[in-house]
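In what follows, a structure is listed as structure tokens, so that the remarks can point back to it.
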Amino acid sequence: MKHKVNSHVFQEALLAHYARHGRDLPWRQTNDPYAIWLSEIMLQQTTVATVKPYFLRFMAAFPTVFALAKAPLHDVLHLWQGLGYYSRARNLHACAQKVVADYNGQFPQTAAALRTLPGVGPYTAAAVASIAFGEAATVVDGNVLRVISRLYRVQTELPQAKRELEQLAEKLTSPTHPGDYAGAIMDLGATICRPRNPQCGICPVAAFCAAVKAGDAASYPRKARKKASLEKHGVAYVIYDAEGRIYLQRRPEKGLLGGLWEAPHTGWENTPLPSRIRSLIAQEKGTKCPPIRHVFTHFALTLDVQRIQLESQHPNWIGPTELAATPLSTLMRKVLQSAETV
Ligand code: SF4
């Protein structure tokens, strides 16, 4: 027989717990759709602890959607650096400009309309619509998928199970308090119904949970076996001129780490180095620096780092002061740090 949950009683139990124990987060102290949207974009694939200081810095630098839309992309990327998944920052900027240009600076109020904005997928649209505008939209992120899969002991493996889990999540969503419900179910997944060691003993919805009754909560959600992740290797060249300036080049706007600056490298794409760089490198013997390793979503990269010291001067390269204001990825920061160790 299929497991049944009384959605009304379930919502009451969850919301009562949230009222007492909900996490106190900076973006929960406001109804401003701009702040809520900004926090939700930052929270995609990133933990609350990491996002908090970035959110506060962004709100201080760009307190309104108008301020963000007006800012140069370079400044936005610079403030974003270290947060990863840089396409989010580019979409953030594009989205702010669209909201200003097409909606007079007012975010659209439904999940369906929000989904048409750059960088706003179904999850973010539902989160903003429910939290900022009170629409009964269902938020479904990794945390929610896990909670639902355990409540109902869903045997279908992810990713195939996604639609089934979404439909079950929709049935449980509160029609009267959708914003609080969204916060409550995400908090439950993040703090109690955790991937390993779910805290079923203190769970406010344990009475509704099929997995805790069966004693196999931690084995949900069921997942197809993962393929081994790909390993890639390359060499990065940190080239200094006689005055300590560094040669950096800007990555194309689109694609991985798009728009950020980098030292030339043979990286993950196996593209040959530009001939100008090859001739600079050929002038001097490089010094080997500690290799660095960085894990992306779909592969892990090890870069050998070569430090090249030229005797010539290149006034148009990046000096230490400009470097502080140059948007760099975490990968490139590691490369530059490695070059500084020798
Ligand atoms: Fe998750 Fe355990 Fe609560 Fe079930 S009882 S929802 S498995 S924490």
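The values are calculated or read from the model by the stated rules, or taken from the named source; none is laboratory data. Here the structure is a predicted model, which is why all the values come from computation and not from measurement. Cβ: placed from backbone, ideal geometry, glycine included. Neighbour counts: every protein chain shown.
Would you tally the residues in region 171-223 being more than 10 Å from the ligand (Cβ to nearest atom) and acidic (Asp, Glu)?
Result for region 171-223: 2.
Could you tell me which of the residues Met59, Met42 is more than 27 Å from Leu165 (Cα to Cα), touching a residue at least 12 places away in the same chain (Cβ under 8 Å) and part of a helix (DSSP H, G or I)?
That would be Met59, the only listed residue that is more than 27 Å from Leu165 (Cα to Cα), touching a residue at least 12 places away in the same chain (Cβ under 8 Å) and part of a helix (DSSP H, G or I).
Only one of Ala207, Ala190 is in contact with a helix residue (DSSP H, G or I) (Cβ under 8 Å, 6 or more places away or on another chain), under 27 Å from Asp24 (Cα atoms) and modelled with pLDDT under 95. Can you tell me which?
One residue alone meets the criteria, Ala190.
Yes/no matrix, rows are residues, columns are (1) aliphatic (A, V, I, L, M); (2) over 27 Å from Glu243 (Cα atoms); (3) touching a helix residue (DSSP H, G or I) at 6+ places or on another chain (Cβ under 8 Å):
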{"residue": "Val295", "(1), (2), (3)": "yes, yes, no"}
{"residue": "Leu301", "(1), (2), (3)": "yes, yes, yes"}
{"residue": "Gln309", "(1), (2), (3)": "no, no, no"}
{"residue": "Ile318", "(1), (2), (3)": "yes, no, no"}
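Could you grab me the full set of residues in region 18-32 that are surrounded by 14 or more Cβ atoms within 10 Å (Cβ to Cβ), touching a helix residue (DSSP H, G or I) at 6+ places or on another chain (Cβ under 7 Å) and in contact (Cβ under 8 Å) with a residue 40 or more places away in the chain?
Within region 18-32, Tyr18, Gly22, Arg28 meet the criteria.
Look at region 295-309 and say how many of its residues are surrounded by 18 or more Cβ atoms within 10 Å (Cβ to Cβ) and not acidic (Asp, Glu).
Within region 295-309, residues that are surrounded by 18 or more Cβ atoms within 10 Å (Cβ to Cβ) and not acidic (Asp, Glu) number 6.
Considering only region 283-328, state which residues are among the small types (Gly, Ala, Ser), assigned to a loop (DSSP other than H, G, I, E, B) and out of contact with any Gly (no Cβ under 8 Å at 6 or more places or on another chain).
Hits for region 283-328 are Gly286, Ser312, Ala325.
Confirm whether Ala35 is crowded, with 20+ Cβ neighbours inside 10 Å and under 19 Å from the mean Cα position of the chain (by Cα).
yes
I'd like the residue in region 98-148 that is polar (S, T, N, Q) and in a loop (DSSP other than H, G, I, E, B) and, out of all such residues, is nearest to the ligand (Cβ to nearest atom).
If we take residues in region 98-148 being polar (S, T, N, Q) and in a loop (DSSP other than H, G, I, E, B), then Thr138 is nearest to the ligand (Cβ to nearest atom).
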